[in-house]
Every structure is written in structure tokens, then in C-alpha cells.
Amino acid sequence: MDPLAFVPHVAIFPFPAQGHVNSMLKLAQLLSLSNFHVTFLVTVDTHDRLLNHTDVLSRFGSEFKLQALPHGISMDNMTTRIGVSGLFDSLNTFAKPFLREFLVNSTVTCVIADGILSMAADVAEEINLPIIYFRTISGCSFWSYFCIPELIQAGELPLKENAMDLTLPQVKGMEDFLRGRDLPSFCRASDLTSPDFRLVLTETRQTSRARGLILNTFEDLEGPILSQIRTVCPNVYTIGAVHAHLKARLATKSTSSNSLWKEDESCISWLDTQPPKSVIYVSFGSIAGVTREELLEFWYGLLNSDQKFLWVMRPDLIVGQERKNEIPVELEQGTKARGYMANWVPQEKVLAHKAIGGFLTHSGWNSTLESIVEGVPMICWPRFADQQVNSRFVGEVWKMGLDIKDTCDRDIIASSVRDLMEKRIGEFSQRTENMASLAKRAVNEGGSSYINLDRLIQDIRSMIP
Ligand code: UDX
């Protein structure tokens, strides 16, 4: 008998964006530690970026394959140029037929697909392969997406200008604190029939067709919301935070990066020269953009706060007509004295650095989890999709920072940064340190994420025909 017949082979298929690829590649590595064969299916552009900027091949053994799927779109500005639904159309046209051919001609035991790629479930069902979904967003934002049809039925959507601060009884488990302005950004659209809006809705509502749902979160963080999710998707595997989980299983302090851009390591040398907890780290993730006006408000706010800052200024960060990101003359001196700018940084390392005292973030889920694991309090300025919900939880439920959504006035930025870094540092530190230790407990032996990953591994093994 071929001994390989007893080794599970998993095909992992993420949506081609940094936040999705990052966590799903961590899962790939976790599974290959259990001697699984893994094929990681990514679009050509992502494939080439991973080869250029990471050591992805050398950190796995020969049981790992990075497989490029044909796809016409490059990651640079992809969502701004063609919109989310355009990107899905393109994946359907180019990648889906290839995925089908690949799965038909391989020995895959189970597909783990991004939960927003129902095309993978279409193919898997057609050829009778088990499929499990991985959603890269938080449990709380997943649940708010799921409840949107109830909000529409109750007449709460489209959102009314005067109802932005009213709470919404239709989102069970969040009735007391989730306001209109905290709903996923696409709920602000006046046209509920727009393709982008419908797409997110249908992709979320079809989750239960998969055999299980993997979430990058942990029970101590989102227990009550996970109970709600389990009423519609009973088999949920919470295995997060996956980056911390991988570190725990490898017994290392840091893991290899999954960056799709070149990291500027020089910021670490700069941080080494700064006192403990003296620097606020500023980053808006891999996709979100800001206008030139917003950028200037942040710039003045940071300088007026009198705190040191490390700021990720992606080359494509500025949107709109005035795309200049050079330093305004009047801000030059202050920026040189207190700031450090980089195009892209090794974020996990930055957040783990002792000089970092706070994180001004767009509340992307990976960034939020990375901050939670390191016990770094946040100022949240969410931009789109799930980020509005995450920031409400950080500010109101977990009380690990300030949610300043919908404003970036320079005075508010300056006072929020001072509040976080100076006045309320004790209050925030206590909560963030407490949650950081719960996060670490979850991924170590006996912890909830550790147990759930073992259960996932057993379940996939049992799928071997
Ligand atoms: C988006 C969503 O907002 C997010 O919630 C969803 O789960 C995935 O899609 P993104 O906006 O890129 O992702 O934010 P985030 O989830 O925070 O992911 C960004 C990733 O890029 C993080 O893992 C972060 O460590 C990494 N990063 C960011 C870097 O490595 N270097 C940087 O300079 C900035």
C-alpha cells in the first residue's frame, strides 16, 4: 500500500489580497507541521510577490507546493480600479476553470477556501470533494454581515443620516452597542442592489454549505458572538490568532513574513534607539487609501501630540487628485525630530518591539489581532468593510483603545494620541496585557485554539477515502 495514501493533501485557496494570504499561509504552515501535503493556490501576481519578497519555499518541505492560478489582475490598486465585484468576475473567468482542472487531476483530500470564494465550493461540490471555509475577518464582523438581511427587512438599511448613532436590535448579541455607523462600510451605500453589496451578502449567507468554518480568532476574545455564529454554522474552528499559534507550535519568538511587498527593516534600528513605549505606530494596512486632506490632518495631529511616531506611508496610500505624499515644508522639522516613515515594514516585529506604546490603525483584522497579541492599545480609524465593526469592539467591548471612526480632525488626532500614550496608558495597558495573555494561552497546549486546530487536523484526516 502506498504510504502517501494516508497523508492528507489540502488545497488552500485565499482571496488574492495581503490580509487574506497572510493568515491562510500561516494556516498552511500549521497544517504542514502535522505532515499534511499542502498546495497553496494563488493568482499569478501573488505567486510572484511571495517568491520575490518571502522565503516561502524554504520554510516548507517538499510536501508544500505554491501553485499559480491564471488571473489577469495585478494587486496594485486592484480594488480601486475594478471594484470588488470586478475582481470576483475576473477570478470566476480566469481562475475557476483552472481550479476545477487542478482539483480533478490531483489527489486532494479537502479544499480550504476563503469563505468569500463560493466558486471554490461550486467546483468542490461538482466533483464531490469536501470543502471547509476560512474567513479572514473577525467573528463580530462576520456576524454583522450575516445579519444584514434582517436589517434590510426591518427597514434599517439603507442607513438614514439621523440614525447613525442608534443601536440596532437586529444584530443579536450586539443589540446594546452596535450603531448604524458601526455596521460594515458597504451598509452606507444608498443602493442596496449594487453588485459589491450583493456580493458580500451572498458570499456570507452561503457559508453553511461548507463542512466547517475556520476563524482567525479565539474563544476568550469573541465567545458570545461565536455562540451566535454557531446557531447557523455549527462547526466553527477558532484557531487564532494564527500568527501567534504558529509561533507557539514552532516554539520560536518570530516567524517568517508573508509580506507581498519588500519590508524596510531599517525602522527596527530606529525603534532600538527609542525609549520603551514611547512610539505610536501608524499604518492603514495594505489596501486602504487616504486623501491628501486626511493625510495632512493626521500629520498635524501626530506632530501636535508631541509623541514619536513610525508611519507606514505606502506609495499608493494617497487617493484622489492630489496624490503627493512629500512632507509639507512647515512639517519637515517636526517630522525629522519625531517621526520615521517607511513604505512597508515588518509589522509583527514592529508591534512586538518594546519601543511601541500604541497603534493608530485602520482596524483591519490582522492588524487588530497582531496588536492584541502584543498587548498594544489602539486608536482605530476604520476605512471599509469589516473595519467599522472591529473598531467598535476595540473601543466599546474590549476597551483596548479609542474608536475615532468618521473623524480625523487634527485636534482629535492629537488629543487621542496623547490620551492613549500618556493619560490613559495605565487603564489601557491593564486590559491589553490581560487580553494578550489570554491570546497566548489560547494557542498553547490545552488552549482553545490549540484544541480546535487538533480537531481540524483530525477531521481532515478522517476525510481520506
Ligand atoms: C483587509 C481587511 O481590512 C481585513 O480586516 C481582512 O481580514 C483582510 O482584508 P488589510 O486592510 O490589508 O486587510 O488589513 P489587515 O487585515 O490589517 O492586514 C494587513 C496585513 O499587512 C497585516 O498582517 C500586517 O502585519 C501586514 N503589514 C501591514 C505589513 O506586514 N507591513 C506593513 O507595513 C503594513
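Would a scan of segment 27-36 turn up a residue that is surrounded by fewer than 15 Cβ atoms within 10 Å (Cβ to Cβ), closer than 18 Å to residue 246 by Cα and modelled with pLDDT of 90 or more? Yes: one or more hits.
Within segment 341-361, can one find any residue that is farther than 19 Å from residue 272 by Cα, among the basic types (Lys, Arg), within 12 Å of the ligand (Cβ to nearest atom) and under 18 Å from the mean Cα position of the chain (by Cα)? Checked against the condition, which is being farther than 19 Å from residue 272 by Cα, among the basic types (Lys, Arg), within 12 Å of the ligand (Cβ to nearest atom) and under 18 Å from the mean Cα position of the chain (by Cα), segment 341-361 yields no hits at all. Hey, among the residues in segment 86-126 that are under 27 Å from the mean Cα position of the chain (by Cα) and among the acidic types (Asp, Glu), which one's surrounded by the fewest Cβ atoms within 10 Å (Cβ to Cβ)? Taking the candidates together, the pick is 89.
Residues in segment 38-62 that are surrounded by 14 or more Cβ atoms within 10 Å (Cβ to Cβ) and touching a residue at least 40 places away in the same chain (Cβ under 8 Å): 39, 41, 43, 46, 49, 50, 53, 54, 56, 59. Within segment 249-271, does at least one residue satisfy the condition of being away from the ligand (no atom under 16 Å from the Cβ), in contact (Cβ under 8 Å) with a residue 40 or more places away in the chain and within 14 Å of residue 26 (Cβ to Cβ)? There is at least one residue in segment 249-271 that is away from the ligand (no atom under 16 Å from the Cβ), in contact (Cβ under 8 Å) with a residue 40 or more places away in the chain and within 14 Å of residue 26 (Cβ to Cβ). Of a type in the set (A, V, I, L, M), farther than 21 Å from residue 136 by Cα, surrounded by 19 or more Cβ atoms within 10 Å (Cβ to Cβ) and more than 10 Å from the ligand (Cβ to nearest atom) - does that describe any residue in segment 385-398? For segment 385-398, residues of a type in the set (A, V, I, L, M), farther than 21 Å from residue 136 by Cα, surrounded by 19 or more Cβ atoms within 10 Å (Cβ to Cβ) and more than 10 Å from the ligand (Cβ to nearest atom): absent. Checked against the criterion of being within 15 Å of the ligand (Cβ to nearest atom), crowded, with 16+ Cβ neighbours inside 10 Å and among the aliphatic types (A, V, I, L, M), the candidates 215, 159, 201 yield just one match: 215. Contact map, segment 371-388: residues that are farther than 19 Å from residue 422 by Cα and in a loop (DSSP other than H, G, I, E, B) paired with residues that are of a type in the set (Lys, Arg) and more than 8 Å from the ligand (Cβ to nearest atom), Cβ distance under 6 Å, separation 6+ or inter-chain. Pairs shown: 382/405.
Residue 248 satisfies every condition listed in (1) more than 22 Å from residue 16 (Cβ to Cβ); (2) under 19 Å from the mean Cα position of the chain (by Cα); (3) surrounded by 15 or more Cβ atoms within 10 Å (Cβ to Cβ) except (2).
The values are calculated or read from the model by the stated rules, or taken from the named source; none is laboratory data. In this text the structure is predicted, and so the values were computed from the model without any measurement. Ideal geometry is used to build each Cβ from the backbone, glycine not excepted, and the neighbour counts take in all protein chains shown.
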